[in-house]
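To start, the structure under review is shown below, and the notes come after it.
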Number of protein chains: 2
Amino acid sequence: MNDEKGILFILSGPSGVGKGTVRKKIFEQATDLKYSISMTTRSKRPGEIDGVDYFYKTREEFEKLIEQNKLLEYAQYVNNYYGTPRDYVEDTLEAGHDVFLEIEVQGAMQVKESFPEGVFIFLFPPSLEELKNRITSRGTESNELVLNRLKEARKEIEMMDSYDYVVVNDHVDLAVAKIQSIIQSEHCKRERIEKQYKKILEDELT
Amino acid sequence: MNDEKGILFILSGPSGVGKGTVRKKIFEQATDLKYSISMTTRSKRPGEIDGVDYFYKTREEFEKLIEQNKLLEYAQYVNNYYGTPRDYVEDTLEAGHDVFLEIEVQGAMQVKESFPEGVFIFLFPPSLEELKNRITSRGTESNELVLNRLKEARKEIEMMDSYDYVVVNDHVDLAVAKIQSIIQSEHCKRERIEKQYKKILEDELT
């Protein structure tokens, strides 16, 4: 018996931060998480499998899905659409399973509109940790270089604002362990457990 | 360099739930947590060491500490005082270390007044998980027995209300792993990390 809905975890972050690598490592290990496979209009590459790597759609099919509001989020890159099927995510959560999305930051903000209760994890480049050291050991860099780095850093920090957690991707294994901790601890949140127990009592007393 | 304050973790729960066992297991393993040793007016038992098991105080000393607001929380059990020294907790957090308290529920509520930002973990007896099974396999127990269990269960569930996390103590090792996940994930909370990074930027720009 499972009357409890699953939790939606969203891993996102600046492009190039290593989201794909971290996600693969998480799914290499035993996990109860369900990974939501994306849809795309880009052509299948050699070795890729429909329904494993992506769901491959034509441009017309994809645009119809957009019109029908069947996508939780979507975006275009290099003239191709990429998106997350809404039904799969909703049905899997409803069945009590956690769902894991690994998506770009624009997509994550779209998901937040439908699922504000999702757990949003921002994967952060280690460069800011390094920046900290660079800044504190001043004087060795030109002013312009330092200012540029600060500007970039500020942009990345502002992206954090809508997320629940920030994981610095300095070592992949460490980042994976932190994300697993977040998943486990979210299941221990009081509101979640209290609701389950209160439901047991109510079911008995009514 | 560490400009960041530590996090205060409070482990509490109904008496007899196994808080002490779980806490000892946590500190048996490598950990950066600092355990706050309690003060007591009860006499030292053979084998106990002052400053390791407890700080032993006379009744007069203890009451003076209460008057001076030097205790973060205190309570009386069997005619003896037990309490948590405020200075140790505040100084250790200020120095950037996490502090771990294992205390009774009344004490936890006192700590919450001084440290609403603390992370409050409620250790929960496995009996309610069992209750779930008992209730769902109805008919085999007398009505009165079931109603008594429900009443007790309701009381325990209401105690949860002020806590951030609930950990069911069905297996000690599992409960310990969950608490360790909570500790690790709390360090990944966005507000905490964002503040650190924003501080780095501000320090540079002013």
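The values are calculated or read from the model by the stated rules, or taken from the named source; none is laboratory data. Bear in mind the structure is a predicted one, so any value in this text is a computation, not a measurement. All Cβ positions, glycine included, derive from the backbone under ideal geometry; neighbour counts span all protein chains shown. Side chains included, ligands, DNA and RNA excluded: accessible areas come from the protein's heavy atoms. Shrake-Rupley method; radii C 1.70, N 1.55, O 1.52, S 1.80 Å.
Quick look at the values:
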{"item": "For B:169-180, mean number of other protein chain Cβ atoms within 10 Å", "result": "1"}
{"item": "Per-residue mean of C-beta atoms belonging to partner chains within 10 Å, peptide A:113-123", "result": "1"}
{"item": "Karplus-derived HN-Hα couplings along segment B:41-57 (A = 6.51, B = -1.76, C = 1.60, θ = phi - 60°), whole Hz, x at Gly and Pro", "result": "9, 6, 6, 5, 8, x, x, 7, 10, 5, x, 10, 7, 8, 9, 8, 10"}
{"item": "Angle in degrees between helix B:19-28 and the longest Cα principal axis of chain B, rounded to the nearest 10", "result": "50 degrees"}
{"item": "Residue order for B:Arg59, B:Arg86 - accessible surface, 1.4 angstrom probe, largest first", "result": "B:Arg59, B:Arg86"}
{"item": "Protein accessible surface hidden between A and B, which excludes ligands and nucleic acids, total in Å², probe 1.4 Å", "result": "3900 Å²"}
{"item": "Nonlocal amide H pairs with A:Met39, under 5 Å, H built at 1.01 Å", "result": "A:Phe55, A:Gly83, A:Thr84"}
{"item": "Computed accessible area, A:Val119, all protein chains, 1.4 angstrom probe, square angstrom", "result": "10 Å²"}
{"item": "Where chain A is the region considered: accessible area per residue in Å², 1.4 Å probe", "result": "54 Å²"}
{"item": "Apportionment of accessible area to carbon and sulfur, segment A:8-205, percent (1.4 Å)", "result": "47 percent"}
{"item": "Under the Karplus curve 6.51 cos²θ - 1.76 cosθ + 1.60, θ = phi - 60°, whole-Hz ³J(HN,Hα) for segment B:71-87, x wherever Gly or Pro sits", "result": "10, 6, 7, 7, 7, 10, 10, 6, 6, 10, 8, 9, x, 10, x, 5, 4"}
{"item": "For A:Asp98, distant residues with modelled amide H under 5 Å away", "result": "A:Ile7, A:Lys34"}
{"item": "Segment A:8-205, relative contact order in percent, only Cα pairs under 8 angstrom and at least six apart counted", "result": "28 percent"}
{"item": "Computed E for A:Glu152/A:Val78 - FRET, C-beta separation, R0 22 angstrom, nearest 0.05", "result": "0.45"}
{"item": "Estimated vicinal HN-Hα couplings, Hz - segment A:149-154 in sequence order (Karplus 6.51, -1.76, 1.60; Gly, Pro = x)", "result": "5, 5, 5, 5, 4, 4"}
{"item": "DSSP-defined beta bridges in the protein assembly as shown - what % are antiparallel, rounded to 5", "result": "35 percent"}
{"item": "Rounded tilt (10° steps) of B:127-136 against the dominant C-alpha axis of chain B", "result": "40 degrees"}
{"item": "Tilt relative to chain A, helix A:105-114 - C-alpha long axis, 0 to 90 degrees, to 10", "result": "30 degrees"}
{"item": "Amide H contacts of A:Gly13 (H built 1.01 Å from N, under 5 Å, at least 5 apart or other chain)", "result": "A:Val105, A:Leu123"}
